[in-house]
């Protein structure tokens, strides 16, 4: 079976941009971590033949069981993408929601006659618009932060309660996401793009990944997210697992409600949420749904010792994925580094899950 594994950053998706080499290197690290992990897992299938693209401006790729075609211009990238998507049995797209890139790439796969190993464009479009998703989840009884969507030319409403979180309507990896203490700071830090301004919820940041298909949506182990706020800017630094049992159950239950509200989810999806301090989870909220592979894939496969790509294929085929209960306590970084960690050190390191103070 021929798989086209397309990772946007390393695969030439930024050939049209004028990003600096240092910026490309930063983005490449996260993309490459996910790319290497999914390639390693897919290659374990006996009949697998893997193909992909590589941005010619980057250093030579590390050794991987995949045949890579180097592209050096935007036109060559587009032509090679279409050819590989059309000629492969299935295409897995790893791309950010920023700039609608994930939706564009997934849609293009279908336009050229290819087959997606992941959510269809309708689910991607819904999940990529953070305000539309919040309204959708609220209609289905899933708790979300209250908030407003603002165009670039719209002023910030005076009735917003602070502190608040300001983020792009389409974004990924907490980039250009700010914790703002007041309207003045919000106006000063506001990025030049459509945004969602929403109420800030204190608590534990958690992500829950799902393997979805016609047979059902299976939750994997919840991961605690490591978040840091510097100068008002919120950074995602990685995560750890396992989570304490009661928190894990709360996270899985709420995330399941969010995923089940989607129309026919498929493949690997992730839910980001906040578990509030109230007992019983009465102030837990869902922040967003990632309709794609995330860096949690790297941590989960290390902790669970499972071929998650194989389980994902089972789910897409309509078979409920099953996995063992064995687990190693691990911590992982946003760029895919993983190390074993004992439970005590994990919770000591992450005991204060609140973002640091926003600028005044």
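Can you tell me how many residues within the stretch 40-58 are farther than 19 Å from residue 77 by Cβ and either assigned to a helix (DSSP H, G or I) or at pLDDT below 90 (or both)? Final tally of qualifying residues: 3. Here the stretch 215-243 is the region considered, the condition is being touching a helix residue (DSSP H, G or I) at 6+ places or on another chain (Cβ under 8 Å) and not in a strand (DSSP E or B), and the residue that is farthest from residue 309 (Cα to Cα) is 232. Residues in the stretch 87-97 that are closer than 14 Å to residue 3 by Cα and surrounded by 15 or more Cβ atoms within 10 Å (Cβ to Cβ): 88, 90, 91, 92, 93, 94. Checking 209, 255 one by one, the residue that is modelled with pLDDT of 95 or more and in contact with a helix residue (DSSP H, G or I) (Cβ under 9 Å, 6 or more places away or on another chain) is 209 and no other. Every test in (1) crowded, with 18+ Cβ neighbours inside 10 Å; (2) without any contact (Cβ under 8 Å) to a residue 24 or more places away in the chain; (3) in a loop (DSSP other than H, G, I, E, B) is passed by residue 154 save one, and that test is (1). Within the stretch 127-137, one or more residues are assigned to a loop (DSSP other than H, G, I, E, B), surrounded by 19 or more Cβ atoms within 10 Å (Cβ to Cβ) and on the phi < 0 side of the Ramachandran plot. Residue-level check: of (1) out of contact with any helix residue (DSSP H, G or I) (no Cβ under 6 Å at 6 or more places or on another chain); (2) within 22 Å of residue 247 (Cβ to Cβ); (3) at pLDDT 95 or above, residue 302 misses just (3).
Here's the yes/no breakdown for (1) outside the structural domain of residue 217 (by TED's automatic domain parsing); (2) over 18 Å from the mean Cα position of the chain (by Cα); (3) farther than 22 Å from residue 97 by Cα:
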{"residue": "274", "(1), (2), (3)": "no, no, no"}
{"residue": "280", "(1), (2), (3)": "no, yes, yes"}
{"residue": "297", "(1), (2), (3)": "no, no, no"}
{"residue": "314", "(1), (2), (3)": "no, yes, yes"}
{"residue": "319", "(1), (2), (3)": "no, yes, yes"}
{"residue": "329", "(1), (2), (3)": "no, yes, yes"}
{"residue": "338", "(1), (2), (3)": "no, no, yes"}
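Among the conditions (1) surrounded by fewer than 21 Cβ atoms within 10 Å (Cβ to Cβ); (2) more than 10 Å from residue 5 (Cα to Cα); (3) in contact (Cβ under 8 Å) with a residue 40 or more places away in the chain; (4) out of contact with any helix residue (DSSP H, G or I) (no Cβ under 8 Å at 6 or more places or on another chain), residue 100 misses just one, which is (4). Out of 208, 144, 123, one residue alone is closer than 24 Å to residue 238 by Cβ, touching a strand residue (DSSP E or B) at 6+ places or on another chain (Cβ under 9 Å) and either in the same structural domain as residue 314 (by TED's automatic domain parsing) or surrounded by 22 or more Cβ atoms within 10 Å (Cβ to Cβ) (or both). It is 208.
Among the residues of the stretch 114-139, the one identified as farther than 17 Å from residue 92 by Cα and over 22 Å from the mean Cα position of the chain (by Cα) is 139.
Of all the residues in the stretch 157-176, those that are assigned to a loop (DSSP other than H, G, I, E, B) and over 19 Å from the mean Cα position of the chain (by Cα) number 7. The set of residues in the stretch 315-336 that are farther than 13 Å from residue 34 by Cβ, out of contact with any helix residue (DSSP H, G or I) (no Cβ under 7 Å at 6 or more places or on another chain) and touching a residue at least 40 places away in the same chain (Cβ under 8 Å) comprises 315, 316, 317, 318, 319, 320. Among all residues of the stretch 190-202, there is at least one that is under 30 Å from residue 92 (Cα atoms), in a strand (DSSP E or B), touching a residue at least 60 places away in the same chain (Cβ under 8 Å) and assigned by TED's automatic domain parsing to the domain that holds residue 127.
The values are calculated or read from the model by the stated rules, or taken from the named source; none is laboratory data. Note that this is a predicted model, so its numbers are computed, not measured. Glycine gets a Cβ as well: all are built from the backbone with ideal geometry, and neighbour counts include every protein chain shown.
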